[in-house]
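This report refers to the structure that appears directly beneath it.
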Amino acid sequence: MNSKTSTGKRKKLLNIAANPPGFRSLNFVVLIAAMIVLTLLGVVMVLSASSVNDLRIFGDTWHHLKRQVLWLFLGISSMAVTMRIDYRKFRKFSIPFLLLSLILCGLVLFPSVGITANGSARWIGIGSFTFQPSEFLKIAMVIYLADLFSGSKKKTDVTFTSIKKFLLVLGTASALLMLEPDLGTTAIVAAISLSILFFSGFRIRNLFLMGISGGALLFVASYSSGYRRKRLLGVLDPWQDPTGIGWQALQSAVAISQGGVSGLGLGESRAKWGFLPFSHTDFIFAIVAEELGFIGACLVILAFLSIGLAGLASAFRAPDNFGQLLAAGITAWISIQAFVNLGAVLGMLPITGVPLPFVSSGGSSLVVTMAAFGILLNVARQTR
């Protein structure tokens, strides 16, 4: 009797050591906290970055703020729904959702349907409402690929058939996105897809070769276009065309350098006075660094690092393979997109028009990202 009791206590202690009390909810809390910090900071910074132009163009200082608050409300609502629905139920809709997303991405190419801005046809308009199908494609790809590679009990069981489907879907999605053209989203979708393939147990050597091949194709496609070629070369030396292709990169660097350690103060940005285009969307991080300084910039980076670490921890402790790949894919999506945006703002990567998740002004991006984040929270709540 004493022996059985001792064995039972030992097993209990080992279980507690492997699964410390509160660890199950720790990742969930970290994810929620990081998301709240980024979204609240985003609302404040969108107001600060857009107020000058809003007053000049719309006669309303609060124009973009009101839209951001509306989109944030819709994003929170979508997150609440996806967080409460068991993530396993999304598997049955993976193929229909993917097909719908691909069809919508194809529709934007028709002039009678798609809305063109800054040389790209990325939006579909219904009355005064517009949305970006490529944002829905991101979450559709994550759900589909997570379903595709988690069909067997062993996550390392990646079959030749599943790889053919993977290449077909990724190739179709990339082709549609490049026709818009949208190099930034194409690169992000490809990186997300390869990340899921990595977590599914695909051989690293083959994954590396696939990544190199895909990167080479993207480079050739980019370099073949005069405007995109200038974007790529502008990263190396923005001073070659300081009033043209290098203007944003240089003004972003000026704004960040003016911020110093503690910043110029909230609302005191100089770059937003017509110097830095898209300061409330793609380059909002530059305004954060200018007004809140190195401290504010570090807060943003720390929040994204927290999401990355807590998201991966949730993926590794997910109850099943589908949950693991789903959480890993969404974490990779948010982390990679943040990296691409920050890299462009800091002058280390080409400017591709990719928004900063949770922070930049933008309806489709914010709502879809928060819906995906709800799925990530769903998995985090059910971790072992």
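Hey, could you get me the Stokes-Einstein D for the stretch 245-384, Kirkwood radius over alpha-carbon pairs, 20 °C and 1.002 mPa s, rounded to whole µm² s⁻¹? Walk me through the numbers before you get to the answer.
On the way: Rh = 15.8 Å.
Estimated via Stokes-Einstein, D reaches 136 µm²/s.
Which of the pairs Lys66/Lys230; Lys89/Lys165; Lys138/Lys272; Lys92/Lys164; Lys66/Lys89; Lys164/Lys230 have their Cα atoms more than 27 Å apart in this structure?
Details: Lys66/Lys230 36 Å; Lys89/Lys165 22 Å; Lys138/Lys272 30 Å; Lys92/Lys164 21 Å; Lys66/Lys89 34 Å; Lys164/Lys230 35 Å.
Violating the 27 Å limit, Cα to Cα: Lys66/Lys230; Lys138/Lys272; Lys66/Lys89; Lys164/Lys230.
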Item to check | Thr281 long-range amide H proximity, modeled H, under 5 Å | outcome: Ser361
Checklist entry - When the Karplus curve 6.51 cos²θ - 1.76 cosθ + 1.60 is applied with θ = phi - 60°, which whole-Hz ³J(HN,Hα) does each residue of the stretch 363-376 get, with x for Gly and Pro? => result x, 4, 4, 5, 5, 5, 4, 6, 5, 5, 5, x, 5, 4
Checklist outcome for this item: To the nearest 10 degrees, the tilt of helix 247-259 (Cα long axis) against the first principal axis of the alpha carbons of the chain is 70 degrees
Checklist outcome for this item: For Leu349, the residues 5 or more places away or on another chain with a placed amide H closer than 5 Å to its own amide H are Ala344
Next on the checklist: Can you give me the angle between helix 63-84 and the longest principal axis of the chain, using Cα atoms only, in degrees from 0 to 90, rounded to the nearest 10?
Outcome noted: 10 degrees
Checklist entry - So how tilted is helix 23-57 from the main axis of the chain? Cα-based, degrees 0 to 90, rounded to 10. => result 10 degrees
Item to check | Cβ-based charge dipole, the chain, positive-most Cα from Pro96, Phe149, Val30 | outcome: Phe149
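Most exposed first by the Cβ proxy, i.e. fewest other Cβ within 10 Å, how do Cys105, Cys298 rank?
Values: Cys105 27, Cys298 13.
Fewest-to-most ranking of Cys105, Cys298: Cys298, Cys105.
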Next on the checklist: Taking the beta-carbon count within 10 Å as an exposure proxy, list Asp320, Asp182 from fewest neighbours to most.
Outcome noted: Asp320, Asp182
Checklist outcome for this item: From fewest to most C-beta neighbours within 10 Å, the residues Arg91, Arg56, Arg203 line up as Arg56, Arg203, Arg91
Checklist entry - For the chain, modelled as a GNM with alpha-carbon contacts under 10 angstrom, which of Ile32, Ile139, Ile351 fluctuates the most? => result Ile32
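Values quoted throughout were computed directly from the atomic coordinates according to the rules given, and no laboratory measurement underlies them. As the structure is a prediction and not an experimental result, all values here were calculated from the model. Virtual Cβ from ideal backbone geometry, glycine too; neighbours counted across all protein chains shown.
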